[in-house]
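What follows draws every value from the coordinates through simple rules; no lab data is involved. Keep in mind that what you see is a predicted model, and the values were worked out from it rather than measured. So basically every Cβ, Gly included, is an ideal-geometry build from the backbone, and we count neighbours across all protein chains shown.
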Amino acid sequence: MSPCLAIRADAGHALGSGHVQRCLALASALRARGLTLRFLMRACPGHLLDEVRAAGHEVRALPALLPDWLTDATVCLSTLEGCAGLIVDHYGLDARWQRAITWASGLPVLLAIDDLADRPHAALLLLDVNDFEAGGQRYAELLPPGSRTLLGPQHALLREEFARERARLRTREAAVRRVLINFGGSDPRDATAIAWQALQTPACAGLELDVIVGSAYVDRSGLAEACAARPHTAFTVQAHDMAARLAAADLAIGAGGTGCWERAALGVPALACAIADNQRATVAALAARGALRALPEPDVDAWRAAILDLIGDPFARAALGRAAQSLCDGAGAGRVADHLLALLAEGRNAQRQSA
C-alpha cells in the first residue's frame, strides 16, 4: 500500500485559492512518485473541495469555522488514520498546531509552506519560494534545531505542464498580439475589471484578450457579458490549461503570488500588481531584478499608461521575459516531492534501527 500524506490547506472567497493550488501541484508530483494524498480543507465559501476531488485526491471536509488552532488540530487529528505524515500550507497555523498534531498522533509534520516568516514552525522542512534574497535569515529564530529550508523559485510549486510548455516554448514576436489577464482565484479588489477597462482603448482594439478568473470571482456574469461583446476575447472561469494559455500570450497582466512564477517559468513579459499585502515584497523584488513591471495601486488611467508603454517597447518586453525565465524552470514541485520522499525514507530507516 502506498504511503499517504495529509495536506492541510484552505481556499475561499477571502483566502483566495493560492494555498490549495500550489498544494495540488505538489500533490500531483507526489502521486507520480507513488504516494496518495488526503486534503484536509474547511468547507467555507469558495472552498475548492470539488476541484481537489476532481484531481483524484481524497478530501476530508472540515467545518467551515474553526475558531482557533487547538480546535483545528483536534478536528484534524480525527482524519489522519493511515497517514504517514503531514504538509501544512496555512497562514493561521503555526508551531503550536504542528506540535499538537505530532504529540497526539506521532506523525511528523514533514513540510510547512510559508512566505510571511511571521510565526514559528515545528516542521522538518520549511518551504518559502519567495525567499530568494534573504537566504533564510527571516526564519533563523522561527525554526527548531534540525529543521531544513527549501528557499527560492527553483522550488516553486507549479503543475507539471509548465515544465512541458517551457521545453517547447516559442520565440515571441516583436509585436503584441495576445494579452492574458489573470488575478488569481478570488481577486477581492477586482483588479481584473481595472485591467479590462484599461485595455478598452482604440490602441488595444486589435488585441486578442484572454481573461481568466477563478470560481470565487464575484462579478462573473458582468465580466462575461462584457467579454462576449468584444471581438477576439475569451472569458474563462477556473482555467485548467493555464500553462498553454500563458505560452500563447505575448503579455500578461496579473497579481503576485504563484502567478509570478507561472509567468516566469514561461518567460512571459508581465505587468503585476500586489493585490494582497503578502505579495508586495515579491512583486517589488522581481521588479528590481527586471523580471516584471510593477503596477501601482489599481487605477484605470495609470494601468492603461503602463500597458501601452510596455506594448510599445519590444526590447523591454524581451528583457523582462529573459530575466523572469532565468529565475524559475517550472520543475520545483518535483524537487520538493523528492525531498519529502527522502524524509520518509529517513524516518523508516530510523524506525528500523531503533527496533
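Observations, loosely collected:
- Each residue of segment 280-355 gets 128 Å³ once the volume of the Cα convex hull is shared out per residue.
- By the helix-only formula, in which each DSSP H run with n ≥ 4 contributes -39500 (n - 2.57) and the sum is divided by residues, the chain has a 222 nm mean residue ellipticity of -11500 deg cm²/dmol.
- Distance between modelled label sites at Ala61 and Leu169, nm, 7 Å Cα→Cβ extension: 4.0 nm
- Nearest-20 debye value, the chain charge dipole, Cβ charges on Lys, Arg, Asp, Glu: 900 debye
- Dipole of the chain [Lys/Arg +1, Asp/Glu -1 at C-beta], most positive-end residue of Leu107, Ala287, Leu49: Leu107
- Correct option for volume of the Cα convex hull per residue in Å³ [calculated from the coordinates] among [x] 129; [y] 247; [z] 144: [x]
- The chain: DSSP helices with Cα axial extent of at least 20 Å and average Kyte-Doolittle hydropathy no lower than -1.0: 18-32, 332-354
- In segment 1-130, Cα pairs under 8 Å separated by at least six residues give a relative contact order of 23 percent.
- Based on C-alpha pairs under 8 angstrom that are at least 6 apart in sequence, segment 160-325 has a relative contact order of 25 percent.
- Peptides 323-329, 262-268, 296-302, ordered by how many other C-beta atoms sit within 10 Å of their residues on average, highest first, read 262-268, 323-329, 296-302.
- Under the criterion of Cα pairs below 8 Å and six or more residues apart, the relative contact order for segment 124-168 equals 49 percent.
- Positive-end residue of Ala226, Pro3, Leu77, charge dipole of the chain with Cβ unit charges: Pro3
- Here's how it looks for Leu150: its modeled amide H is under 5 Å from those of Leu126, Leu127, Asp128, which are all 5 or more places away or on a different chain.
- Cα centroid separation - segment 278-355 against segment 1-70, whole Å: 22 Å
- In range of the label at Tyr91: residues from segment 1-41 whose backbone nitrogen is under 19 Å from the point 7 Å along Cα→Cβ: 8-24, 41
- For the chain, with +1 on Lys and Arg beta carbons and -1 on Asp and Glu, the positive-most of Ala342, Thr236, Thr192 along the dipole: Ala342
- Listed residues Ala61, Ala229, Ala193, most fluctuating in the chain (Gaussian network, C-alpha, under 10 Å): Ala229
- Once you reduce segment 183-231 and segment 82-117 to the center of their Cα atoms, the two points are 38 Å from each other.
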